[in-house]
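The values are calculated or read from the model by the stated rules, or taken from the named source; none is laboratory data. Owing to the predicted nature of the structure, the values given are computational and were not obtained by experimental measurement. A quick note on method: Cβ atoms are made from the backbone with ideal geometry, for glycine too, and the neighbour counts reach across all protein chains shown.
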Amino acid sequence: MSHMQETSVGQCWAGLGLTITVTKCDATRATLRLAGELDVASAPLLGACLEYHLDMGRQFVRADLSGLGFVDTSGLEVITEAHHTYSDQHGTLILTGLNARTRRLVRIIGLDSVLLIASDTAELAAPVA
């Protein structure tokens, strides 16, 4: 079903169309890069990965979603649950790299006021209207 390679940076979780790679990691922080599809089948893999990092003491996690071709509400539900778990333990889960479709879904279901979503570089450089 899933596979985890036991290393810090470069650690890879993969299965059911989703790959999660640790691109940066230390005792309290991790940066994850997601690729593939985050849906009802693969969402539990992301949940397990985020739980693992919190169990290892990494309270501050940044998840780059730019490699995802598809995200459904099951994926966002796992992200929302993890967001609350991290917050309850005085940590943060920050999302980056959301494509337009994912941003729209997040906005439609009202999670844009709940989840921590970092602005893209292009948005930071754009003039304020």
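Here region 108-129 is the region considered, the condition is being at pLDDT below 80 and of a type in the set (Val, Ile, Thr), and the residue that is surrounded by the most Cβ atoms within 10 Å (Cβ to Cβ) is 121. Given the residues 74, 87, 66, which is the only one that is among the small types (Gly, Ala, Ser), in a helix (DSSP H, G or I), modelled with pLDDT of 95 or more and within 14 Å of the chain's Cα centre (by Cα)? Sole residue among the options that is among the small types (Gly, Ala, Ser), in a helix (DSSP H, G or I), modelled with pLDDT of 95 or more and within 14 Å of the chain's Cα centre (by Cα): 74.
In this structure, residue 38 does not qualify as in contact with a helix residue (DSSP H, G or I) (Cβ under 9 Å, 6 or more places away or on another chain), under 18 Å from residue 25 (Cα atoms) and either modelled with pLDDT of 95 or more or crowded, with 18+ Cβ neighbours inside 10 Å (or both).
Answer yes or no: is there a residue in region 1-13 that is at pLDDT below 95, touching a strand residue (DSSP E or B) at 6+ places or on another chain (Cβ under 8 Å), hydroxyl-bearing (Ser, Thr, Tyr) and closer than 24 Å to residue 72 by Cβ. Scanning region 1-13, I find at least one residue that is at pLDDT below 95, touching a strand residue (DSSP E or B) at 6+ places or on another chain (Cβ under 8 Å), hydroxyl-bearing (Ser, Thr, Tyr) and closer than 24 Å to residue 72 by Cβ, so the answer is yes.
Scanning region 22-63 for residues that are touching a residue at least 40 places away in the same chain (Cβ under 8 Å), closer than 22 Å to residue 113 by Cβ and either among the hydroxyl-bearing types (Ser, Thr, Tyr) or part of a helix (DSSP H, G or I) (or both) yields a total of 1. Residue 19 fulfils the conditions (1) under 12 Å from the mean Cα position of the chain (by Cα); (2) outside any helix (DSSP H, G or I); (3) closer than 20 Å to residue 118 by Cα; (4) not acidic (Asp, Glu) except for a single criterion, (3).
Here residue 68 fulfils each of the conditions (1) at positive phi; (2) touching an Asp or Glu at 6+ places or on another chain (Cβ under 8 Å); (3) not small (Gly, Ala, Ser) apart from (1).
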